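Rule-based calculations on the coordinates, nothing more; no lab input. Fair warning: this is a prediction, and the values are worked out from it, not measured in the lab. Cβ placement follows ideal geometry from the backbone for every residue including glycine, while neighbour counts extend to all protein chains displayed.
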Amino acid sequence: MGKETVGYGSVWGKDDRKARDTIFEFYLLRSYRKFANIIFPKFSTTSEADFLECQTNNILQSEMMFEYARNINAEAILFEDSLQTELSIPDTLFKRNSSNNEGPEYVLEHAGQIVAGGGYVRNYNFPYIDMYYEVKEDYRKKGFGSLFTQELKREAYRLKRVPAARCNINNNASKATLLRAGMKICGHMLVGELAI
């Protein structure tokens, strides 16, 4: 393999992104994947990482997780779009936030009051885009979160992006909101301690 580029890997901090203690990307060109058990340990040692993070829908990285990590925990549920919904709430409007770049990108207004806000995290590999939202406490459990997510999905496609989302493994309210808006579970985010 010498000086030939066969893939790449990336590290960041598990709790503090600047800490550089966690491998979060490990990719090999298809023809070099048979050498993963030689390359990954060397990459791990060179990176000096203590943890490995992976999405269960990433087959290569999942294999490395179960081969080289211990104390593996699921930290988040991953969602992809599954179906288009037609949710609506009377007197409710989804729109771009016009408050001079302060606050969320988009808001949901109900009877003239902003009840939810959110937007996108654009650090996914193109064309994917991660949606986020927050509903004001007095308006929760009334369908506004699912309606807002539905509209964020539509806007993502208008932007020629593919919507994705995630929530904490124990956040049942957010999970229900995303499922009601036509998202489906496509995997989990795992974190484990490297044991190399």
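Here the Karplus relation 6.51 cos²θ - 1.76 cosθ + 1.60, evaluated at θ = phi - 60°, turns the backbone of region 57-73 into coupling constants of 8, 9, 4, 4, 5, 5, 4, 5, 4, 6, 7, 10, 10, 9, 6, 7, 10 Hz, with x for every Gly and Pro. Ordered by the number of other Cβ atoms lying within 10 Å of each residue's own Cβ, fewest first, 126, 79 fall into the sequence 126, 79.
Select from region 1-105 those trypsin sites (Lys or Arg not before Pro) which occupy a DSSP coil region and have at most 14 other Cβ atoms within 10 Å, ordered by residue number. Present the calculation step by step, with values, prior to reporting the outcome.
Values: sites: 3, 14, 17, 18, 20, 30, 33, 34, 42, 70, 95, 96; in loops: 3, 14, 17, 18, 20.
Taking region 1-105 and a limit of 14 other Cβ atoms within 10 Å, the loop trypsin sites (Lys or Arg not before Pro) found are 3, 17, 18.
If you split all Cα-Cα distances of region 62-196 into 10 Å bins from zero, what percentages do you get per bin, shortest first? That works out to 12, 39, 31, 13, 5, 1, in percent per bin.
How large is the charge dipole for region 119-191, taken about the Cα centre, if only the Cβ atoms of Lys, Arg (+1) and Asp, Glu (-1) carry charge, to the nearest 20 debye?
220
Per-residue Karplus couplings for region 153-166, computed as 6.51 cos²θ - 1.76 cosθ + 1.60 with θ equal to phi - 60°, are listed in order as 4, 4, 5, 4, 5, 4, 7, 6, 10, 10, x, 9, 7, 8 Hz, Gly and Pro entered as x. Ordering 156, 31, 93 by the projection of their Cα atoms onto the charge dipole of region 1-157, which places +1 on the Cβ of Lys and Arg and -1 on the Cβ of Asp and Glu, puts 31 at the extreme positive end.
Sparse packing (at most 11 other Cβ atoms within 10 Å of the Cβ) combined with a DSSP loop state is found for the following trypsin sites (Lys or Arg not before Pro) in region 120-196: 122, 141, 160. Here's how it looks for residue 116: its modeled amide H is under 5 Å from those of 108, 136, which are all 5 or more places away or on a different chain. When the C-alpha to C-alpha distance is required to be over 21 Å, the pairs from 95/184; 34/184; 18/153; 3/42; 14/136; 14/160 that qualify are 95/184; 34/184; 18/153; 14/136; 14/160.
For residue 25, the residues whose amide H sits under 5 Å from its own are 10, ignoring neighbours fewer than 5 places away on the same chain, with H placed 1.01 Å from N. With the charge dipole of the chain set up from +1 on Lys and Arg Cβ and -1 on Asp and Glu Cβ about the Cα centre, the Cα lying farthest toward the positive end among the listed residues 178, 104, 74 is that of 178.
Karplus-derived 3J(HN,Hα) values for region 141-148, using 6.51 cos²θ - 1.76 cosθ + 1.60 with θ = phi - 60°, are 6, 10, x, 5, x, 5, 4, 4 Hz; glycine and proline are entered as x. What is the helix-to-structure angle for 36-47, meaning the angle in degrees between its Cα long axis and the longest Cα principal axis of the chain, kept from 0 to 90 and rounded to the nearest 10? Approximately 80 degrees, to the nearest 10.
With r as the distance between the Cβ atoms of residue 74 and residue 105 and R0 = 22 Å, compute the FRET efficiency 1/(1 + (r/R0)^6) and round to 0.05. Mind showing how you got there, number by number?
Working: r = 29 Å, r/R0 = 1.31.
Efficiency, rounded to the nearest 0.05: 0.15.
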